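Below is one structure; the comments refer to it alone.
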Amino acid sequence: MKKYNPKLIERKWQKKWAESGIYKDYSKPKKFYALDMFPYPSGAGLHVGHPKGYIATDVVSRFKMLNGFSVLHPMGWDAFGLPAENYAIQNKIHPEAAVKENIKTFKKQLGLFGFTYDWDREINTTDPEYYKWTQWIFLKMFEKGLAFESDEPINWCPSCQTGLALEDLENGLCERCGTQVVQKKMRQWVLKMTDYADRLLEDLDREELDWEKSIVDQQKNWIGRSEGAIVKFSIVTNGSLASTMEAKLPNMLEVFTTRLDTIFGCTYCVVGPEHPIIEKLKDQIKNYKEVEKYVIKAQNKTDLERTDLQKEKTGVELQGIRVTNPFNNEELPLFVADYVLGHYGTGAVMAVPAHDERDFEFAKKYKLPIKKVILPEELLNIPRNLEDIAAGARTELRVESDCFICDGKLVNSGKYSDLTSEKAREKMAAWLEKKKIGGKKVNYKMRDWVFSRQRYWGEPIPIIHCEKCGTVGVPEKDLPVELPKVEKYEPTGTGEGPLANIKEWVNAECPQCGGPGKRETNTMPQWAGSSWYYLRYIDPKNEKELVGKTEEKKWMPVDLYVGGAEHATRHLLYARFWHKFLYDIGVVSTKEPFKKLVHVGLIQGEDGRKMSKRWGNVINPDEVIFEYGADSIRLYEMFMGPFMQNIAWNTKGVVGMRRFLDKVWKLKSVISEQRSVNNNLEILLHKTIKKVTEDIESFRFNTAISALMIFLNELEKQERLFTVHCSLFIKLLSPFVPHIAEEIWEKLGHDKSIFFEKWPEYDPKLIKDEQIMLVIQINGKVRDQIEVASGVKEKDAKELALAQDKIVKYIGDSSIKKIIFVRDRLINFVI
RNA sequence: GGGUGAGUGGCGAAAUGGUAUACGCACUAGCCUUAGGAGCUAGCGGGGCAACCCAUGGAGGUUCGAAUCCUCUCUCACCCACCA
C-alpha cells in the first residue's frame with residue numbers, strides 16, 4: 001500500500017476537476033448561490049486566516065451539490081481603492097501592474113485549496129468592462145437625483161489626501177493610515193443614502209432575512225433612527241422680535257429633541273459652531289468678536305478633539321439674542337457650544353439640564369438654572385408599607401444625581417403636569433403641529449454617502465462639467481469612461497484628483513450642447529465596485545445589460561454570504577442601498593440581496609495577536625499545504641472551534657488532522673466485502689449521517705468533524721469492514737476533504753466523481769438504540785446506570801433500578817418521596 | 001457611557017434543563033524501533049488507600065435535577081460613541 005501523499009493526489013484532482021468542469025452543471029432545478037466577500041489583492045498575499053470563510057462556503061457548496069443543487073460559487077477581485085493605490089505608491093509600481101501581479105499570486109494560492117470556483121465567471125472591479133456598469137449605476141442615480149454635488153464640510157485625510165465617508169473613520173482617525181482627519185469644506189459628490197434609511201432599517205426585520213443578530217443590531221445602530229420633534233423657538237434681538245422682513249433676518253430657531261416632555265425644564269438653547277444663524281445675526285450679537293473667535297477655534301479642532309467625551313464642555317453666550325420657549329413664553333439665553341453637532345438634527349438643541357447629562361454639565365459650569373420637570377413615577381407613589389421597602393420593592397428607585405434622564409411623570413409643566421412622559425410627548429407634538437411651530441420628526445444618525453475621492457485608482461465619475469449646461473452625465477453609449485493610463489498618479493492635495501493634470505483627458509465635449517466641457521476628475525470610493533459585484537457573477541459576459549433578467553431571476557438572492565464582521569456598517573449597508581435602488585429601477589427582482597449572512601471569526605497568530613507583518617506572526621498557507629496537504633488545512637480550519645469565533649492558529653492542530661487523514665487512507669485496504677449488517681456500527685453510522693448533515697447546515701463544522709472522528713475510531717476497532725460503511729463515511733467526509741475523498745472513491749472502483757453521488761440519508765429507525773444506558777439518580781446525583789431495552793416503561797425501570805445493590809445501599813431505610821422518570825434517559829429517586 | 005457576545009481541564013473546545021469535560025492538541029508510561037517531529041497500547045480536571053467528595057469567573061435563587069433559566073457582581077472581546 002502506498003503512503004498517503006496529498007501532494008500527488010491534490011494536484012491530480014484539481015487538474016481533473018478543472019478539465020471536466022464538474023462544478024459548472026447549472027441545469028439542476030434547485031439553485032444555491034454561495035458567495036464569499038471577494039478579497040482585495042494585496043501585495044502580501046494570503047495568510048491562513050483569509051481562506052477560513054472560503055473553505056466554509058466550499059464545504060457548503062459541495063454539500064449542496066451532493067444534495068442535488070446547481071451551485072453558483074464564484075470568486076473575483078476588489079482591486080480599486082486606497083490600499084491598492086498606497087501599496088503601488090510605496091513600491092513604485094503602477095497600480096494596474098501591481099494589481100495584475102497580486103491577482104496572479106492570490107489565484108495561485110487559492111488554487112491550492114481545491115475550491116469549486118467557476119473561474120469562467122471571475123470578475124475584477126478594475127476591468128473597464130466591469131466598471132462600465134459601476135458607472136452606469138452612478139448615472140442612473142444621477143438621473144434620479146440621488147447623486148448630487150455638495151459643498152458641505154467633509155472629513156479629509158491629510159495623509160491620503162482625500163475626502164472620506166463617515167464610515168471610513170475609526171475614532172476620528174483615517175481607517176487606512178491612522179492619520180487624524182480634519183474637516184474640510186470642498187465640492188463633493190454625495191449619494192443620497194438617507195432617502196433609503198427607512199427601508200434599510202425596516203427590511204432588516206424581514207422574515208426571509210437570516211442574518212446574525214449582532215450584525216443586524218450593528219446596522220440598526222448605525223442607521224440610528226430616533227423619533228422626536230422639531231420645536232421652533234422665536235428669536236428676540238435687543239428686546240424685540242427679530243422679524244424685520246426687510247433685513248431678512250431669521251426669526252425662528254429650530255431645534256430637534258427626543259424629549260419634548262422635558263421642554264418646561266428648558267433653561268437655554270445651544271447652536272453648534274456651524275450654525276448659519278451666527279453669521280446671519282452677527283450684527284445683533286453684542287459680543288460677536290468673542291463668538292467668532294470661539295467658532296474658528298472649534299472649527300479648527302479635529303474630530304477627535306471635538307468628540308472627546310472627557311474634555312470639559314465649552315461655549316459662549318450670544319449676547320443680545322434671546323429665544324422664547326413657545327410652551328411658556330419664557331425668554332431664554334442662546335449659546336454656541338461645540339458639544340452640539342452641526343450635522344445632526346437641526347444643529348441646534350433646547351437644553352434641559354435637569355434631564356440631560358450634557359446640558360447638566362454645561363449648566364453647572366456656566367451657572368445656568370436647572371429646573372426639574374420630570375419625577376420618577378415611584379417617587380410619586382411612595383409605598384406606605386415600610387416592609388415593602390425592606391423587601392427591596394423600591395430598589396428601582398435610585399436618584400443618584402440631580403440629573404434624571406429617564407421617563408417619568410411631568411411636574412411644573414402647566415397643563416401637561418401629571419402626564420406620563422410618553423403621553424406628554426404625544427400631546428405636546430400635537431399642539432406644536434396645530435400652532436404650526438413644529439411637530440413630530442424622525443432623525444437618523446446615518447448620513448449621506450460622500451462618494452468622491454481625490455485619488456487616481458478608482459472608477460472615474462462619468463460626469464462632464466459644461467459652462468452652459470452645468471453637470472451633465474456621460475451618455476450610456478460612451479461608457480465606460482476609462483481611467484487614463486498615466487505615469488504620475490500621486491495625489492495632488494488640492495482637492496482635485498490627479499486626473500486633473502491630464503489635459504487631453506479632462507477636456508471633453510459636452511454631450512448636451514457640444515461645447516467645451518471638462519471631465520469630473522474625482523474618482524469613486526473603494527466601496528463602489530463591491531456594492532453590486534454579486535450581480536455580475538450571475539451574468540459576467542453580458543455586454544448589453546448589467547445582468548440579464550432571466551439569469552437574475554434564476555440566481556438571486558444570494559443564499560449564503562460569508563465574510564468578516566468588520567463590513568457590517570459599510571459594505572453591507574452600501575450593497576443593500578444599491579440593491580434597493582436597482583430594485584426600484586427594475587434591474588433586480590428581490591428587495592434584499594443576501595438571504596443568509598454568516599460572519600467568519602478571525603484566525604489570530606499563534607501569539608493570540610492579529611496576524612500581521614508587524615508582529616511577525618503571519619502563517620503562509622502555501623507552506624502549510626506543502627507540509628501537510630490542502631485537505632489537512634481545510635479540515636483544521638473547520639475543526640478549530642466555532643466558526644464565528646476568533647481563535648489563535650496552532651500548527652500542531654494541523655498535524656492532528658493529518659493523522660486523522662492518514663488513518664482514513666489506511667482504511668481502504670482492509671475493506672473485505674460488500675455487505676450490510678444491522679449492528680451497533682450501523683446505528684452509529686446513521687447517527688453520524690444525521691449529525692453531519694445538521695451540523696453543516698447550521699455552520700457547526702467543528703462538531704460535524706468530531707462526529708466523523710468518533711465514527712472512524714469505531715471503524716478502526718472492527719475486525720472486518722464493509723464497503724457500504726466505508727463508502728458512506730467517505731461521502732460524509734467529502735465536502736471537507738474533497739481530494740482524498742475522490743482518490744479513495746476511485747480506489748473503491750468508481751469511475752465517476754464522488755460529487756456526482758447523492759448525499760446519504762439516515763434511516764430514522766436506525767438512529768434509535770435498542771439498548772440504552774439508563775442513569776439512576778438519587779436526589780439528582782448519579783449513583784448507577786443499567787443497560788435496558790430502549791422504550792422501557794417507568795414501572796419496569798423502577799423495579800430494575802431498585803434491584804441494584806448500590807441503589808439498595810443508598811436508599812437504605814429512607815422512604816421514596818418522588819420518582820422522576822425521563823424516558824430512555826434517567827430515573828431519579830427523591831428520598 | 002451604550003450595544004452585542006463570551007467566561008468550562010495545561011491548550012482549542014463539547015454538552016442549551018437530565019451521566020460536565022465528547023473530539024482534537026499537549027503531556028505521562030509502556031511496546032515497537034539503529035533512530036523518530038513515525039506507529040501501537042494505556043493513562044490524563046482536583047482531592048482521597050478506598051467508599052466517596054469537590055469542580056463550568058464569583059455570590060445568591062428557581063428546580064427532583066443548572067455550565068445551561070432568573071437576580072446581583074467581576075473579567076474579557078468586538079462594534080458604536082457629545083446623535084439632543
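So here's what we get for this one:
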quantity	calculated
A:Met446 accessible area, 1.4 Å probe, all protein chains in place, Å² to nearest 10	10 Å²
Residue-averaged [θ]222 nm for chain A, counting only DSSP H segments that reach four residues, each worth -39500 (n - 2.57)	-10000 deg cm²/dmol
Cross-link reach list, aspartates and glutamates versus A:Lys12, counting only Cα pairs under 15 Å and skipping chain neighbours closer than eight places	A:Asp631, A:Glu742, A:Glu743, A:Glu746, A:Asp751
Antiparallel bridges, percent of DSSP beta bridges restricted to chain A (to nearest 5)	75 percent
Cβ-defined net charge surrounding A:Arg322, 11 Å radius [Lys, Arg +1; Asp, Glu -1]	-3
Cβ-defined net charge surrounding A:Asn287, 12 Å radius [Lys, Arg +1; Asp, Glu -1]	+1
FRET efficiency for A:Lys427 and A:Lys311, using Cβ-Cβ distance with R0 set to 35 Å, rounded to 0.05	0.40
Heavy-atom surface of chain A, accessible at 1.4 Å and reported per residue (Å²)	47 Å²
Candidate lysines for bridging to A:Lys765, where Cα separation is under 29 Å - those fewer than 8 sequence places away on the same chain excluded	A:Lys30, A:Lys64, A:Lys668, A:Lys687, A:Lys690, A:Lys691, A:Lys717, A:Lys731, A:Lys793, A:Lys795, A:Lys798
Percent carbon-and-sulfur accessible area, chain A, ignoring ligands, DNA and RNA, probe 1.4 Å	49 percent
Charge tally in the Cβ shell below 12 Å around A:Leu712, where Lys, Arg are +1 and Asp, Glu are -1, A:Leu712 excluded	+1
Size of electric dipole in region A:657-770: Cβ of Lys, Arg +1 and of Asp, Glu -1, about Cα centre, debye, nearest 20	200 debye
Pairs beyond 18 Å (Cα-Cα), from A:Lys28/A:Lys52; A:Lys663/A:Lys747; A:Lys2/A:Lys663; A:Lys28/A:Lys107	A:Lys28/A:Lys52; A:Lys28/A:Lys107
Rg/Rh ratio calculated on Cα atoms of chain A (Kirkwood radius)	1.06
Cross-link partners of A:Lys544 among lysines (Cα-Cα below 16 Å; sequence separation of 8 or more within a chain)	A:Lys132, A:Lys140, A:Lys477
In Å², nearest 10: area of A:Arg700 left accessible to a 1.4 Å probe	110 Å²
Cβ crowding within 10 Å averaged over residues, with A:735-741, A:761-767 ranked highest first	A:735-741, A:761-767
DSSP-assigned coil residues among trypsin sites (Lys or Arg not before Pro) in region A:54-151, each with at most 15 further Cβ atoms within 10 Å	A:Lys92, A:Lys144
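The values are calculated or read from the model by the stated rules, or taken from the named source; none is laboratory data. Since the model is a prediction, treat every value here as computed from it, not as a measurement. We place every Cβ from the backbone using ideal geometry, glycine too, and count neighbours over all the protein chains shown. SASA here: full protein model, heavy atoms, side chains in, ligands and nucleic acids out. Shrake-Rupley method; radii C 1.70, N 1.55, O 1.52, S 1.80 Å.
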